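The values are calculated or read from the model by the stated rules, or taken from the named source; none is laboratory data. Owing to the predicted nature of the structure, the values given are computational and were not obtained by experimental measurement. All Cβ positions, glycine included, derive from the backbone under ideal geometry; neighbour counts span all protein chains shown. Note: accessible area is taken over every heavy atom of the protein model, side chains too, but ligands, DNA and RNA are not part of it. Shrake-Rupley method; radii C 1.70, N 1.55, O 1.52, S 1.80 Å.
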Amino acid sequence: MALRKIRVYGDEILTKKCREVREMTPRLKELVEDMLETMYQAEGVGLAAPQVGVLKRIVVIDVGEGPITLVNPKIVEQDGEQEGSEGCLSVPGKAGLVVRPNHVIVEGYDADMNPVTVEGEELLARALCHELDHLDGIVYTSLVKGELYDTDVEEEESEEEQ
Ligand code: ZN
């Protein structure tokens with residue numbers, strides 16, 4: 001396993017659409033391992049492959065309930081609404097208010113390409129939406145209500161970065 005460099009806002013790769021994974025290769029397995037390591041090291045709750053420079057539909061998430069790896073994920077159901085602060089490992093030191101569904105159901109594959117369904121509420125729903133957006137080249141900053149703010153000024157309420 002190795003840490004990967006996290007691409008930051010302004011890097012064109014973050015605005016590109018990712019390709020589906022057709023087959024789980026040893027190289028992509030290594031990517032998944034590296035993404036998890038990189039996410040934990042950066043203390044984020046989620047990371048999408050384009051954030052480490054790979055245009056593949058792969059995300060990893062851990063909102064404190066254990067690691068989730070999703071390959072080719074799709075939101076199949078969503079309802080409710082939540083408004084809350086959101087941050088991103090690719091936009092360090094910033095956060096902003098984003099409205100997301102409060103509950104989502106996502107279908108995809110795990111790292112062994114077994115079909116999986118993940119159901120999430122609140123923070124997990126937010127993380128799923130945020131990471132899946134990355135796969136379509138959408139960074140949360142385009143969804144923010146009002147202005148982005150600096151997180152360093154309110155360290156006590158440090159935001160979950162994804
Ligand atoms: Zn992000």
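Observations, loosely collected:
- Test for residue 95: is it farther than 30 Å from residue 22 by Cβ, within 13 Å of the ligand (Cβ to nearest atom) and at pLDDT 95 or above: yes
- Tally of residues being assigned to a helix (DSSP H, G or I) and more than 15 Å from residue 50 (Cα to Cα) across segment 20-29: 3
- Tally of residues being over 16 Å from the mean Cα position of the chain (by Cα) and assigned to a loop (DSSP other than H, G, I, E, B) across segment 1-19: 5
- If you go through segment 49-75 and keep only what is open to solvent by less than 10 Å² (accessible area, probe 1.4 Å), more than 18 Å from residue 105 (Cα to Cα) and among the aliphatic types (A, V, I, L, M), you end up with just 49.
- Residue 85 within 16 Å of the ligand (Cβ to nearest atom), open to solvent by 20 Å² or more (accessible area, probe 1.4 Å) and free of Cβ contacts under 8 Å to residues at least 12 places away in the same chain: no
- Hits in segment 4-29 - residues which are free of Cβ contacts under 8 Å to residues at least 40 places away in the same chain and open to solvent by 90 Å² or more (accessible area, probe 1.4 Å): 12, 19, 22, 26, 27
- Residues in segment 101-136 that are away from the ligand (no atom under 15 Å from the Cβ), within 20 Å of residue 21 (Cβ to Cβ), open to solvent by 20 Å² or more (accessible area, probe 1.4 Å) and not β-branched (Val, Ile, Thr): 107, 109, 110, 111, 112, 113, 114, 115.
- The condition (being over 27 Å from residue 115 (Cα atoms) and touching a helix residue (DSSP H, G or I) at 6+ places or on another chain (Cβ under 9 Å)) is satisfied by just one residue among 56, 74, 5, 16: 5.
- Among the residues of segment 30-45, those that are surrounded by 13 or more Cβ atoms within 10 Å (Cβ to Cβ) and more than 16 Å from the ligand (Cβ to nearest atom) comprise 31, 32, 33, 34, 37.
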